[in-house]
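Take a look at the structure below.
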Amino acid sequence: MKKRNERTPEQLSLLVTGGAGFIGSNFIKYMLEKHTKVSITNLDKLTYAGNLENLKEVENNPRYTFVRGDITNLKLIDRLFRRRNFNVVINFAAETHVDRSLLKSSPFIQTNIIGTLTLLEAARQHNLGRFIQISTDEVYGSLNKEGNFSEKSPLKPNSPYSATKASADLICRSYWKGYNIPIIIARSSNNYGPYQFPEKLIPLMIKNALEGKELPVYGDGLNIRDWLYVKDNCRAIDLVIRKGRIGEIYNIGGNCEKSNIEVINFICNVISEEKNRDKEELKSLITFIKDPRGKAHDFRYALNSSKIKEEIGWEPTTDFESRLRETIRWYLKNIEWIKRVTTGEYREYYEKIYGKNHQKIRDSK
């Protein structure tokens with residue numbers, strides 16, 4: 001058997017899939033800035049959430065290359081492996097939104113499962129040094145008001161999205177056990193920060209508040225998420241690449257649990273301060289709607305990240321309120337970016353999820 005394609009930690013040739021998306025683009029910029037001997041090939045299909053504008057500041061960097069393509073295309077993947085001599089793959093490429101997966105699950109199965117399998121086959125053929133599968137806390141399912149998920153918690157996904165991510169994780173495990181492919185799985189909590197597509201909670205609320213539109217909130221708004229600043233996540237993934245143990249899973253949590261309504265109220269407060277808008281008028285836009293997700297809408301996520309802290313030395317370092325304020329200011333300064341990424345397809349999808357056909361529960365007082 002050929003020796004695996006490993007290099008010193010400073011000399012890495014990375015294939016980053018889905019690198020034009022929110023977390024992927026932040027990761028690419030983080031790695032190029034932090035490591036001078038890292039080269040990156042970004043493979044992205046450029047679906048609605050993939051935006052090369054996210055990477056404008058590095059597009060001329062000689063250590064960065066963009067390739068437009070689909071991770072399910074085995075011929076393309078094989079050709080890239082042969083030409084680029086990758087020693088690490090970081091698989092960010094995924095369909096990621098629960099609501100979209102409930103409308104149509106087939107794209108999630110195709111990208112999240114078949115795409116991951118295609119990359120694993122290429123890794124098997126080319127003796128890859130490391131394969132980092134980017135997963136999510138949603139594979140564990142839902143928590144009640146107490147406790148948290150460890151890496152040993154059973155997988156109980158409740159939506160087509162989380163089910164496909166759990167499936168991909170298990171396929172990765174099978175390739176490690178069956179073919180000795182050097183897999184590491186990273187499961188993070190809810191990320192926030194710049195360049196996030198405005199179907200996710202924080203940028204959606206900012207966009208709608210600025211436009212004077214309803215701020216749609218499922219149910220009573222008390223669902224709880226563990227928030228993680230995207231650059232903290234990038235730092236964690238970097239450390240997992242260099243120090244993580246093969247075959248292991250690492251939870252990457254923000255240790256910052258907030259209800260959705262808490263986050264939305266904070267956004268209204270900051271926009272009021274930054275744009276000299278009436279705070280109560282902004283909060284009057286909050287509209288509680290019937291949850292179309294039903295039992296697929298998990299009540300609470302919380303990750304136990306003690307393993308990555310003890311083994312690798314990572315823990316979140318950012319204060320939620322100050323980083324969220326900074327994030328809101330970024331979107332306020334980049335309104336044109338929001339307009340450019342909000343395509344006709346997105347508007348059609350938005351109407352299906354939050355439009356007039358959905359039942360309002362009550363308006364915020």
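The values are calculated or read from the model by the stated rules, or taken from the named source; none is laboratory data. Everything numeric in this text was worked out from a predicted model, so none of it was measured. Glycine also receives a Cβ, built like all others from the backbone with ideal geometry; neighbour counts cover every protein chain displayed.
Just checking, how many residues over the stretch 64-85 are touching a strand residue (DSSP E or B) at 6+ places or on another chain (Cβ under 7 Å) and either modelled with pLDDT under 95 or surrounded by fewer than 20 Cβ atoms within 10 Å (Cβ to Cβ) (or both)?
Qualifying residue count, the stretch 64-85: 7.
Please find, among T96, T111, the residue that is over 17 Å from N26 (Cα atoms) and of a type in the set (V, I, T).
When all the criteria are applied, what remains is T111.
For every residue, the table says whether it meets (1) in a helix (DSSP H, G or I); (2) of a type outside the set (S, T, Y); (3) surrounded by fewer than 22 Cβ atoms within 10 Å (Cβ to Cβ); (4) touching a strand residue (DSSP E or B) at 6+ places or on another chain (Cβ under 6 Å).
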| residue | (1), (2), (3), (4) |
| --- | --- |
| T111 | yes, no, no, no |
| I114 | yes, yes, yes, no |
| R124 | yes, yes, yes, no |
| I132 | no, yes, no, yes |
| E146 | no, yes, yes, no |
| N158 | no, yes, yes, no |
| S167 | yes, no, yes, no |
| C172 | yes, yes, no, yes |
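Just to verify a result, which residue in the stretch 220-265, among those that are of a type in the set (S, T, N, Q) and not in a helix (DSSP H, G or I), is nearest to the chain's Cα centre (by Cα)?
The selected residue is N251.
Determine which single condition L285 fails, assuming it passes every other condition in (1) touching an Asp or Glu at 6+ places or on another chain (Cβ under 8 Å); (2) at pLDDT below 95; (3) not polar (S, T, N, Q).
(2)
Tell me, please, whether a residue that is in contact (Cβ under 8 Å) with a residue 12 or more places away in the chain, outside any loop (DSSP other than H, G, I, E, B) and within 13 Å of the chain's Cα centre (by Cα) can be found in the stretch 192-201.
Yes, the stretch 192-201 contains a residue that is in contact (Cβ under 8 Å) with a residue 12 or more places away in the chain, outside any loop (DSSP other than H, G, I, E, B) and within 13 Å of the chain's Cα centre (by Cα).
Which of the numbered conditions does V217 fail, given that it passes all the others? Conditions: (1) crowded, with 18+ Cβ neighbours inside 10 Å; (2) not in a strand (DSSP E or B).
Condition (2) is where V217 drops out.
Check I241, I202, I184, I249 and return the single one that is touching a Gly at 6+ places or on another chain (Cβ under 6 Å) and within 27 Å of G19 (Cβ to Cβ).
Unique residue meeting the criteria: I184.
So which residues in the stretch 23-43 are out of contact with any Phe, Trp or Tyr (no Cβ under 9 Å at 6 or more places or on another chain), in a helix (DSSP H, G or I) and not hydrophobic (A, V, I, L, M, F, W, C), if there are any at all?
If the condition is that a residue be out of contact with any Phe, Trp or Tyr (no Cβ under 9 Å at 6 or more places or on another chain), in a helix (DSSP H, G or I) and not hydrophobic (A, V, I, L, M, F, W, C), then K29, Y30, E33, K34 are the ones that fit.
Consider only pairs whose beta carbons are under 6 Å apart and that are at least six residues apart or on different chains; among these, list those whose first residue lies in the stretch 55-75 and is in a helix (DSSP H, G or I) and whose second residue is at pLDDT 95 or above and crowded, with 16+ Cβ neighbours inside 10 Å.
Pairs that qualify, where the first residue is in a helix (DSSP H, G or I) and the partner is at pLDDT 95 or above and crowded, with 16+ Cβ neighbours inside 10 Å, are L55/S25; V58/K29; V58/L32; V58/Y64; L74/T118.
Taking the stretch 311-328, which residues are over 15 Å from V263 (Cα atoms) and either part of a helix (DSSP H, G or I) or not aromatic (F, W, Y) (or both)?
E311, I312, G313, E315, P316, T317, T318
Every residue in the stretch 23-63 that is at pLDDT 95 or above and aromatic (F, W, Y), please.
Correct list: F27, Y30.
Is at least one residue of the stretch 178-186 in a helix (DSSP H, G or I), among the hydroxyl-bearing types (S, T, Y) and more than 22 Å from D319 (Cα to Cα)?
Within the stretch 178-186, one or more residues are in a helix (DSSP H, G or I), among the hydroxyl-bearing types (S, T, Y) and more than 22 Å from D319 (Cα to Cα).
Just to be sure, is A94 outside any helix (DSSP H, G or I) and either over 23 Å from R300 (Cα atoms) or not acidic (D, E) (or both)?
yes
Condition first: aliphatic (A, V, I, L, M) and either in a helix (DSSP H, G or I) or not assigned by TED's automatic domain parsing to the domain that holds G18 (or both). Now tell me which residues in the stretch 134-144 satisfy that.
V139
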